[in-house]
Every structure is written in structure tokens, then in C-alpha cells.
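Everything on this sheet refers to the single structure shown next.
The values are calculated or read from the model by the stated rules, or taken from the named source; none is laboratory data. All figures in this text were calculated on a predicted structure; none of them were measured in a lab. Neighbour counts run over all protein chains shown; Cβ positions are idealised from the backbone, glycine included. When the accessible area is computed, the model is the full protein with side chains, heavy atoms only, and any ligands, DNA or RNA have been set aside. Shrake-Rupley method; radii C 1.70, N 1.55, O 1.52, S 1.80 Å.
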Amino acid sequence: MGRGRAWISRAQMVYLYRDDRLERDPMQPIAITSETLNFDLLAKGQGHKFDHGHAVVMTGGAGRTGAARLTGRAALRIGAGLVTLAVPPAAQMEVAMHITALMLSRVAGPEALTELASDKRIGAICIGPGLGLKPAQAALVEAVLDSGKPCVLDADALTLIAQDPALRKRLGPHCVLTPHAGEFKRLFKGLSEDDATKVQQCLTAAQTAGAVVLYKGAMTVIAHPDGRVATHDSTADRAAPWLATAGAGDVLSGMITGLLARGFAPIKAAQYATWLHVEAARRFGPGLIAEDLIEEIPHVFAALNL
Ligand SMILES: NC(=O)C1=CN([C@@H]2O[C@H](COP(=O)(O)OP(=O)(O)OC[C@H]3O[C@@H](n4cnc5c(N)ncnc54)[C@H](OP(=O)(O)O)[C@@H]3O)[C@@H](O)[C@H]2O)[C@@H](O)CC1
Ligand SMILES: Nc1ncnc2c1ncn2[C@@H]1O[C@H](COP(=O)(O)OP(=O)(O)O)[C@@H](O)[C@H]1O
């Protein structure tokens, strides 16, 4: 690890633990707004690409790689220094034909994923978009969880965890779960009826899972098992109805993964990515599709004077 990374991490620690307005009253739900975020954290300090983190995104098999390619590109755009797509052998050619700045690593099974994840430079892993729901894919989710690396669990990974208590036991506060309402109901059966509000549901879910939960929707709620909760309201002034498009969630997962790789704490990565995601959608406007969100990130950053 170079000196640049160490300097960046120290700088981020100062912000994350002392100056961030989202931390001032940790047990109250806090609105995620341009007033409560500290955008200076998003600037890149000095250093080479490895100083800005290396993220891994596991893809699905042949014919199912689009979602993870969106995730990987979003992770790169948000500022991770390197992003590697972990690709099953049968999908290798398909992925190779579609990527340029993203890198590719052949991953034939859980052992290969464990080996890839053991590289000290890998700072974050995302698994789930387009993954599939077979036992072979459950074993890949297990490998990610056993790596202990900060991770984003989305889409099919959430469905697999919902079906398998052994996977659920491996969750921890270094994991960010990003369910939409359908996935939330699968994962936390019964909670929706027990708790009155989305904030209460999400907090109970985070405490039950022992992980950060980002419950998606026009009103997004993010909860940490320690009781911190933040909300992002995209229903009125920050309406973004064009986000209801296939792959928008895959892009959000990539944005979180990229920020994790850059050294953001899981709850911070979720909060900053949520705001940036909606901001990108609002800047692009009507006609938005998932790819546009990714290409809008540099314009959002420019408007923030990064
Ligand atoms: N470009 C690509 O390659 C893309 C690939 N993708 C990949 O496809 C795979 C399947 O993922 P998925 O999310 O589409 O399907 P699934 O897990 O069956 O859940 C959907 C069901 O849940 C329910 N539901 C309730 N509330 C909901 C809500 N707010 N938002 C959404 N759903 C809600 C709803 O039921 P309903 O409400 O209609 O009764 C619906 O039937 C996964 O691998 C993913 O990564 C996608 O990412 C798209 C881009
Ligand atoms: N009407 C809406 N207003 C604001 N944000 C929305 C709206 N509909 C969906 N979103 C956001 O778009 C993303 C959709 O994610 P998801 O449902 O997982 O889609 P996919 O699986 O196709 O990627 C989430 O971040 C969600 O919060």
C-alpha cells in the first residue's frame, strides 16, 4: 500500500469520524441532502490508481453479464482506481467484447473467487447483479462473505441469502444489502407487517441482518445495525421518476462498491452513492436509461467542483 493511500485514508477518517454532518446525531434519522453531505470527500487526492482502490464485480454467466458490466463501469466512474470483472469461463468472450477500461479475471468457481479476493489491494466486492440463483452461485456469495472484504450484495445475491440461513449468518457491518421492495420482502419476511414505517422496517432489517441495509425506492432508507438511519426523499423537490428503469439499481450498486473501494465506510458509501445516483438522474432528465446514469457522473462531479 503506497503513501498516497495512507494519506487519503487518514484524511477520510478525519472527515468520517469528526466532521461529517451526517454523524452529528447518530441515533436520529437524517435527511441525505446537499446540506448534510461533505462533497470534499469525493475529490481524489494525490496518488496512483492503486491508491484509489481496486473493486471486483462478479458477473453472471453467458448472456447474463449486462447488469454486472453496468455495476463495474459505475464503480470506475465514481473513482475507484481499478475495477475487475470476475467472469465465469463461459462468459469470458462476451464480457471481453464489451469492455475497455474495465479489467477481466476468469473465475471458474468459489476457489478462484477466494483467491482473487485475497489480493490485499482488492478493497471491495459486489455480487448479485445478473448472477443467477443456482447452488453454484450461492457458493460464490459464500466466498465473497468469507473473504471479509467490504461488499455490496444486490439482486440475486439477496434472493440467495433469503433462501439460505447459512449465508445470512455470514453477514456483518462491512456488508451493504441493497434490496428493492420485492427483495426486501423476500429477505425480511414478516417485517413489513410488524413495523409501521419504511424507516422502522429498514432499521429492524439492519439489526436483524447485522449489516447495512439500503432499502431502495423513491424514498430510500439506509440503516446501520448500530441504529444510525438516513433517508433520501426523491418524491418531491428531488423527484427522479426516470430512475424506474432496468439496471438503475445495478448502477447504484456499482457506485457504492466504487466508494467502498475508495475507503468510504459502508454506511457513508451508501449515503453518498444514493445522493449522487439521484443527482445524475435529475441532471440527465427524461429518457434516462441505466447507461446514461454512469456517463452523467462526471457532470455531477464537475458541478460539485471536484
Ligand atoms: N441489464 C440487465 O442485464 C439487467 C439485469 N437484471 C437482473 O435481472 C435479475 C432479476 O432481477 P429483478 O429485480 O428484475 O427480478 P426479481 O428478483 O424477480 O424481483 C422482481 C420482482 O420483485 C417484485 N417487486 C416488488 N417491488 C419491486 C420494486 N420496487 N422493484 C422491482 N421489483 C419489485 C416484483 O413483483 P410484483 O411487484 O410485480 O409482484 C417483481 O416481479 C437480477 O439478476 C438482476 O440483476 C436487472 O437488474 C435489470 C437489468
Ligand atoms: N420512482 C422512482 N423515483 C426515484 N427513484 C427510483 C424510482 N424508481 C426506482 N428508483 C430507484 O432506481 C433504482 C432501481 O433499482 P432496482 O429496482 O434494483 O432496479 P434494477 O434491478 O433494474 O437495477 C433504485 O435505486 C431505486 O431507488
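Can you spot a residue in region 135-150 that is closer than 21 Å to C202 by Cα, in contact (Cβ under 8 Å) with a residue 60 or more places away in the chain and of a type outside the set (V, I, T)? So far as region 135-150 goes, yes, one or more of its residues are closer than 21 Å to C202 by Cα, in contact (Cβ under 8 Å) with a residue 60 or more places away in the chain and of a type outside the set (V, I, T). For the condition part of a helix (DSSP H, G or I), of a type in the set (A, V, I, L, M) and under 22 Å from L252 (Cβ atoms), V152 does not qualify.
Within region 107-127, the set of residues being open to solvent by less than 50 Å² (accessible area, probe 1.4 Å), more than 20 Å from H174 (Cα to Cα) and not in a helix (DSSP H, G or I) comprises V107, G109.
Within region 54-82, can you find the residues that are farther than 13 Å from C126 by Cβ and either away from ligand 1 (no atom under 16 Å from the Cβ) or buried (at least 21 other Cβ atoms within 10 Å of the Cβ) (or both)?
Within region 54-82, the subset farther than 13 Å from C126 by Cβ is 61-66, 77, 79, 81-82.
Once the filter is applied, which keeps residues that are farther than 13 Å from C126 by Cβ and either away from ligand 1 (no atom under 16 Å from the Cβ) or buried (at least 21 other Cβ atoms within 10 Å of the Cβ) (or both), region 54-82 yields T65, R77, G79, G81, L82.
Taking region 220-235 as the range and being outside any strand (DSSP E or B), modelled with pLDDT of 95 or more and of a type in the set (S, T, Y) as the test, only S234 passes.
Here is a check on your reading of the model: is A269 buried (at least 24 other Cβ atoms within 10 Å of the Cβ) and touching a residue at least 40 places away in the same chain (Cβ under 8 Å)?
Values: buried (at least 24 other Cβ atoms within 10 Å of the Cβ): yes; touching a residue at least 40 places away in the same chain (Cβ under 8 Å): yes.
When the stated conditions are applied, A269 passes them.
Out of curiosity, is V199 on the phi < 0 side of the Ramachandran plot, part of a helix (DSSP H, G or I) and within 12 Å of ligand 1 (Cβ to nearest atom)? So V199 fails the test. Within region 200-237, the set of residues being more than 23 Å from T71 (Cβ to Cβ) and charged (D, E, K, R) comprises D226, R228, D233, D237. Out of curiosity, is E279 within 24 Å of V56 (Cβ to Cβ), modelled with pLDDT of 95 or more and open to solvent by 30 Å² or more (accessible area, probe 1.4 Å)? Against the criterion (within 24 Å of V56 (Cβ to Cβ), modelled with pLDDT of 95 or more and open to solvent by 30 Å² or more (accessible area, probe 1.4 Å)), E279 does not qualify.
Does at least one position in region 176-184 carry a residue that is open to solvent by less than 50 Å² (accessible area, probe 1.4 Å), in contact with a Pro (Cβ under 7 Å, 6 or more places away or on another chain) and not in a helix (DSSP H, G or I)? Step through it out loud before you land on a result.
Kept after step one, since they are open to solvent by less than 50 Å² (accessible area, probe 1.4 Å), are these residues of region 176-184: 176-179, 181-184.
From what's left, in contact with a Pro (Cβ under 7 Å, 6 or more places away or on another chain): 176.
If we keep only those that are not in a helix (DSSP H, G or I) too, we end up with 176.
The answer is yes, given that some residue of region 176-184 is open to solvent by less than 50 Å² (accessible area, probe 1.4 Å), in contact with a Pro (Cβ under 7 Å, 6 or more places away or on another chain) and not in a helix (DSSP H, G or I).
Can you tell me which of A157, A209 is open to solvent by less than 20 Å² (accessible area, probe 1.4 Å), small (G, A, S) and within 14 Å of ligand 1 (Cβ to nearest atom)? First the steps, then the outcome.
On the way: A209 fails: within 14 Å of ligand 1 (Cβ to nearest atom).
Testing whether each residue is open to solvent by less than 20 Å² (accessible area, probe 1.4 Å), small (G, A, S) and within 14 Å of ligand 1 (Cβ to nearest atom) leaves just A157.
With respect to L104, is the statement that it is more than 15 Å from the chain's Cα centre (by Cα) and open to solvent by less than 20 Å² (accessible area, probe 1.4 Å) true? Considered against the rule, which asks whether it is more than 15 Å from the chain's Cα centre (by Cα) and open to solvent by less than 20 Å² (accessible area, probe 1.4 Å), L104 comes out as no.
The residue that is farthest from G258 (Cα to Cα), among those in region 169-204 that are in contact (Cβ under 8 Å) with a residue 24 or more places away in the chain and small (G, A, S), is A181.
If you take the residues of region 238-256 that are within 14 Å of ligand 1 (Cβ to nearest atom) and not hydrophobic (A, V, I, L, M, F, W, C), which of them is surrounded by the fewest Cβ atoms within 10 Å (Cβ to Cβ)? Applying the filter and picking the extreme gives P241. Of the residues contained in region 18-35, none is found to be under 18 Å from V152 (Cα atoms), in a helix (DSSP H, G or I) and either modelled with pLDDT of 95 or more or open to solvent by less than 40 Å² (accessible area, probe 1.4 Å) (or both). Within region 237-260, residues that are near ligand 2 (Cβ under 6 Å from one of its atoms) have Cβ atoms under 7 Å from residues that are assigned to a helix (DSSP H, G or I) and charged (D, E, K, R) in these pairs: A240/R282, counting only partners at least 6 apart in sequence or on another chain.
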